[in-house]
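Right, one structure below, let's go through it.
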Amino acid sequence: MGSRQEQDERTMKVVVVEQAGKVSVREVLRPVPIAQEVLVRLDHCLLCTWEQRMFAGTAKVNFPFVPGHEVAGSIVQIPEETITGFSVGEKVTVKTLDSCGHCEACYQGFDNLCTGTPRKRTYDGIPSSGGLAQYIALPVSRIFSLPDQDLDTRFAAFAEPLACCVHSIEQADIALGEDVVVVGAGIMGQFHVALSRARGARVIVVEPNKERAVLATKMGAMEIIDPFAEDATQRILKLTNGRGAHVVFTTITQTTLAELYIKALAKRGRIIYYGSFHPDGDIAVSPNMIHYSERVITGSYSPTTKAFYTAIRLISYGIIDVRPFLSAEYPLAMAQEAFRKAQDPQTYRVSINLCET
């Protein structure tokens, strides 16, 4: 038997979703980085809607599971065999969701749509996405140094959700002066507002919640529509002189809305379905309407590496302010309470501090 210190250096703590509604903190073996990997000590992990669905029992995952993917920390170990310009102690954020690197999608830069077989990650046999662990070993290609090394890692952890929105914005190809509608002003809707304004668009937000509407205005929204007080599509048409919006982002994942806002599009307009729909369902779309108007219906799934690289710079340079979206923070020992708080629809993001046990 080794000393307690030696044992501590070989192990780490992770948050495990044991079953719907129950999480625990377990001690497992710490990962050991191999050639072309580095070991990162994770400081903070945000609880995404995926973790929230897992806790609620609606995500398709086998329990137990170690979730988490919106993280940041610092490099603590670089094997001699790893060739990199990174340094021990460097603050980083990481892309925990793996891709194979050699399928057609990966070769073309769309690693978010990987069709290959990525590496499976487990901690003592427990499947994991890797974020709710005190340490993670990753290839150097999945590591992103913070341009501002003084940036608090609790805010650097927002790189992943912001990157998802950056990719969505790229899907829309927004031009200067276009009319952009963002349906829903949760955290992802708010990021779409800020990014669309950065692209030079007039942003119209559809959101009934007064507090979120106020924040959306601060993030750059120029018009707010309460869909419970008026017909949102008719108001959009009126604001655009009957033309319709050039771009619509639906961040509210209700199938009925997926169909409704197609009617608010201009000719050659683009609607982006951001986020997955739960439950899924069918919508009615006229092929002739698409043919004659050249409207584009597409989606946005997860971030590409390029989007991730862009997002951490937007945060580091202060172009996008993520501070309003940290709703609460809990120490590792209070993970159960953190997951419960994240279920509150009034929150944006809840963080688990992996350093505070």
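Where a number appears in this text, it was derived from the coordinates with a stated rule and is not lab data. Quantities reported herein were computed from a predicted structural model and do not represent experimental measurements. As a convention, Cβ positions derive from the backbone with ideal geometry for all residues, glycine included, and neighbour counts pool all protein chains shown.
Figures for the structure shown
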| read-out | value |
| --- | --- |
| The stretch 155-256: GluC sites (Glu not before Pro) in DSSP coil with no more than 14 other Cβ atoms inside 10 Å | E230 |
| Degrees separating the helix 159-172 axis from the principal Cα axis of the chain, which is the longest one | 30 |
| Fewest-first ranking of L260, L46, using other Cβ atoms within 10 Å as the exposure measure | L260, L46 |
| Cleavage-rule hits (GluC sites (Glu not before Pro)) in the stretch 51-144: DSSP loop, at most 11 neighbouring Cβ within 10 angstrom | E80, E81 |
| Sites excluded, chymotrypsin sites (Phe, Trp or Tyr not before Pro) in DSSP loops with at most 11 other C-beta within 10 Å, longest stretch of the chain | 1-227 |
| Long-range amide H partners of A245 with built H, under 5 Å | L265, A266 |
| Amide H partners (placed H, <5 Å) of E329, local residues excluded | S351 |
| GNM top mover of C106, C165, C48 - the chain, alpha-carbon springs below 10 Å | C106 |
| GNM top mover of N241, N288, N209 - the chain, alpha-carbon springs below 10 Å | N288 |
| Other-chain or far-sequence residues with amide H under 5 Å of L354's (modelled H) | H44, C45 |
| Coil-residue trypsin sites (Lys or Arg not before Pro) of the stretch 1-78, DSSP, other Cβ within 10 Å capped at 12 | K60 |
| Cα lying deepest toward the dipole's positive end in the chain, options V183, Q77, F55, charges on Cβ | V183 |
| Net charge dipole size for the stretch 165-300 [Lys, Arg +1 and Asp, Glu -1 on Cβ; Debye, nearest 20] | 400 |
| Value of relative contact order over the stretch 96-166, rounded to a whole percent, pairs C-alpha under 8 Å and six or more apart | 21 |
| Residue exposure sequence - C355, C114 - by fewest surrounding Cβ within 10 Å | C355, C114 |
| The chain: relative contact order in percent, alpha carbon pairs under 8 Å with at least 6 residues between | 18 |
| Relative contact order %, the stretch 165-300, counting alpha carbon pairs below 8 Å whose residues are six or more apart | 23 |
| Nearest-20 debye value, the chain charge dipole, Cβ charges on Lys, Arg, Asp, Glu | 580 |
